[in-house]
Amino acid sequence: MRVALIHPPFRHHKFSENLKVVDEEFILAPPIILAYVAAIAEKAGHKVKLIDAHTLKLDKFEVKKELEIFKPDIIGFRLDTYTFQDALSWIKYLKRELKVPIITGGINLSLYPKEVMTYQEIDFGLIGEALYSFPQFLKAFEEKKDFSSIPGLCYRKDEKVIINKPGEKLYSFDAYPFPARHLLPNHLYHSFVSQKKNFTIMLTSTGCPFKCNFCAIAGLKHYRERSPESVIREIEECYYDYGVREIDFFDATFFVNKKRCLEIFEGIRKKRLKITWTCRSRVDLVDEELLKEAKRSGLRMIFWGIESGVKDVLNGINKEIEPEQAEKAVRLAKKYGIRNLGFLMLGSPGEREKDIKRTMEWAKELGLDYVQICRTIPKPGSELHQKLKEQGKDYWRDFILGKEKERRIYVPGRVISEERLEELLKRAYYSFYFRPKYVLHTLFKTRSLGELFRYIRVALRMLFHYFYTDVEITKRRRFIKKLAHWGKLR
């Protein structure tokens with residue numbers, strides 16, 4: 001069979017936790033989950049085409065032309081809740097133009113299978129892991145057999161939607177083939193802080209053992225690690241087959257298992273893999289030995305889940321850390337020449353304006369190289385989302401069904417208005433990044449023209465958004481379009 005997988009362009013949404021400039025500039029990453037799905041299908045003997053329309057800047061018509069040449073038997077999409085309506089517009093277009101069956105997967109389908117299957121353009125959905133169920137489905141689809149035994153499959157029979165019970169077994173992460181990076185434009189990927197090419201992301205674990213109430217990953221209720229041997233083999237493949245020299249380990253929190261991490265670091269050194277890498281971590285998982293060995297293996301930067309510098313706020317989001325632990329972790333990292341990015345959140349339940357100001361002053365004192373500051377939102381599947389549902393409000397369900405438009409979402413327990421929070425968020429970014437001392441320090445550490453140009457572009461966009469709201473920007477764009485239209489009429 002011929003299987004096409006599409007990663008459509010995505011955009012900033014009004015309900016996003018980030019500012020528009022952050023959503024658009026922070027990272028241009030490979031669609032790693034679709035690359036796993038592609039590898040699974042190829043291993044089962046199928047011909048696969050994976051189109052990263054977002055990175056390649058392809059529109060619907062251009063993708064349709066590529067698919068007309070490829071002639072797929074089925075087209076697959078990964079559905080995220082945030083981007084559901086955007087992906088749906090692509091599904092409707094390609095289904096209308098090509099008359100090819102559509103299958104979808106992704107975490108959104110696990111949350112809202114019935115709602116997703118209300119759209120007639122979506123023929124099939126797959127809940128849960130694709131490792132064995134996707135090849136089973138493709139075989140049954142090709143041979144026109146019954147679908148009733150395929151775990152987690154959603155389909156229609158006699159105009160009725162059937163949702164098979166998902167498989168309960170969690171398979172070993174080592175059983176998965178490596179992502180099919182040969183189907184991707186690896187030379188185009190980068191992050192805001194990456195310094196080398198080629199750049200990619202990699203997963204060495206799934207889920208998270210911690211229970212922060214704002215996090216959708218904590219809602220998955222599992223944590224699973226790959227073996228150090230598997231991780232090293234994938235790094236070798238990236239290094240030798242795709243020329244990768246910088247990797248962002250995209251795990252929710254990387255340093256959970258110290259023994260496993262030390263074995264990975266040792267493997268990188270023994271194989272003489274000259275890479276640099278970054279990762280995400282909690283501040284309470286590291287010690288001096290771990291950071292020293294990580295640096296020796298190429299660690300360049302850690303993205304710390306700091307969230308707030310106020311103990312009461314941290315308690316309110318079930319973070320289970322102390323501000324002093326963040327101070328110690330950053331200090332240790334700096335000792336070994338590791339750069340630090342702090343993830344901060346504003347507008348958490350019970351957080352007051354004075355708490356936000358205190359957090360931002362504290363973040364500057366920490367000596368962080370970068371911050372990414374977001375709004376707290378009830379992410380789909382998180383504990384905050386569950387609290388919203390208990391109040392009889394499920395914005396995400398209604399958004400999937402097309403009953404809700406994009407808007408800011410109510411957060412249970414928030415005491416700051418959305419308008420004021422927007423102002424504080426912009427002010428927080430401005431006060432951190434536009435300090436003269438910080439600007440000079442960042443320029444001194446820049447290692448490439450590409451990195452420098454990214455900083456300048458993002459800085460200019462941040463300044464623009466600082467002085468104008470999204471509404472004002474939209475009005476100005478509409479006015480410019482009208483002027484252009486009037487000019488054409490004349």
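The values are calculated or read from the model by the stated rules, or taken from the named source; none is laboratory data. Please read all numbers here as calculations on a predicted model, not as lab measurements. Note that each Cβ is placed from the backbone with ideal geometry, even for glycine, and that neighbours are counted across all protein chains shown. The area values use the complete protein model at the heavy-atom level, side chains included, leaving out ligands, DNA and RNA. Shrake-Rupley method; radii C 1.70, N 1.55, O 1.52, S 1.80 Å.
Things worth noting here:
- Once segment 1-21 is narrowed to residues that are aliphatic (A, V, I, L, M) and within 17 Å of V458 (Cβ to Cβ), the residue that is surrounded by the fewest Cβ atoms within 10 Å (Cβ to Cβ) is V21.
Conditions (1) at pLDDT below 90; (2) acidic (D, E), marked per residue:
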residue: I400; (1), (2): no, no
residue: E406; (1), (2): no, yes
residue: I409; (1), (2): no, no
residue: G413; (1), (2): no, no
residue: E423; (1), (2): no, yes
residue: F432; (1), (2): no, no
residue: K445; (1), (2): yes, no
residue: L449; (1), (2): yes, no
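- Top-ranked residue in segment 357-408 [being within 20 Å of the chain's Cα centre (by Cα) and of a type in the set (A, V, I, L, M, F, W, C); ranked as nearest to N18 (Cα to Cα)]: C374
- Subset of segment 51-66 [more than 22 Å from the chain's Cα centre (by Cα), within 18 Å of R11 (Cβ to Cβ) and surrounded by 15 or more Cβ atoms within 10 Å (Cβ to Cβ)]: K60, V63
- Matching residues in segment 205-229 - criterion: being within 20 Å of P31 (Cα to Cα) and open to solvent by less than 20 Å² (accessible area, probe 1.4 Å): S205, G207, R226
- Condition met for Y395 (in contact (Cβ under 8 Å) with a residue 24 or more places away in the chain, open to solvent by 40 Å² or more (accessible area, probe 1.4 Å) and touching a Leu at 6+ places or on another chain (Cβ under 9 Å)): no
Per-residue answers, yes or no, for (1) touching a Lys or Arg at 6+ places or on another chain (Cβ under 7 Å); (2) among the hydroxyl-bearing types (S, T, Y):
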position	(1), (2)
L98	yes, no
L109	no, no
Y112	yes, yes
L126	no, no
A130	no, no
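- Contact map, segment 191-204: residues that are of a type in the set (K, R) and crowded, with 22+ Cβ neighbours inside 10 Å paired with residues that are modelled with pLDDT of 90 or more and assigned to a loop (DSSP other than H, G, I, E, B), Cβ distance under 8 Å, separation 6+ or inter-chain. No pairs are found.
- Check on V63, over 30 Å from S16 (Cβ atoms), touching a residue at least 24 places away in the same chain (Cβ under 8 Å), of a type in the set (A, V, I, L, M) and not in a strand (DSSP E or B): no
- Hits in segment 410-437 (condition: part of a loop (DSSP other than H, G, I, E, B), in contact (Cβ under 8 Å) with a residue 60 or more places away in the chain and open to solvent by 30 Å² or more (accessible area, probe 1.4 Å)): G413, R414, V415, R435
- Selection from segment 67-86 of residues that are open to solvent by 60 Å² or more (accessible area, probe 1.4 Å) and outside any strand (DSSP E or B): E68, I69, K71, D73, Y82
Conditions (1) touching a strand residue (DSSP E or B) at 6+ places or on another chain (Cβ under 6 Å); (2) over 24 Å from I302 (Cβ atoms), marked per residue:
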site: V161; (1), (2): no, yes
site: N164; (1), (2): yes, yes
site: Y171; (1), (2): no, yes
site: F192; (1), (2): no, no
site: R226; (1), (2): no, no
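- Residue in segment 271-280 that is part of a helix (DSSP H, G or I), open to solvent by 30 Å² or more (accessible area, probe 1.4 Å) and free of Cβ contacts under 8 Å to residues at least 24 places away in the same chain present: no
- Breaking point among (1) part of a loop (DSSP other than H, G, I, E, B); (2) surrounded by fewer than 15 Cβ atoms within 10 Å (Cβ to Cβ), for Y240: (1)
- Any chance E115 is out of contact with any strand residue (DSSP E or B) (no Cβ under 7 Å at 6 or more places or on another chain) and farther than 30 Å from F303 by Cβ: yes
- Tallying residues that are in a helix (DSSP H, G or I), open to solvent by 30 Å² or more (accessible area, probe 1.4 Å) and farther than 18 Å from K65 by Cβ within segment 90-120 yields 4.
- Members of segment 42-60 that are under 27 Å from E17 (Cβ atoms), out of contact with any Lys or Arg (no Cβ under 9 Å at 6 or more places or on another chain) and part of a helix (DSSP H, G or I): H54, T55, L56
- Count of residues meeting criterion [closer than 11 Å to R282 by Cα and either more than 21 Å from the chain's Cα centre (by Cα) or surrounded by fewer than 23 Cβ atoms within 10 Å (Cβ to Cβ) (or both)] in segment 331-348: 1
- Single match in I306, I264, I235, I247 (criterion: open to solvent by less than 10 Å² (accessible area, probe 1.4 Å) and within 30 Å of W396 (Cα to Cα)): I306
- Extreme residue, nearest to D248 (Cα to Cα), among residues of segment 350-360 that are touching a Gly at 6+ places or on another chain (Cβ under 8 Å) and open to solvent by 30 Å² or more (accessible area, probe 1.4 Å): R358
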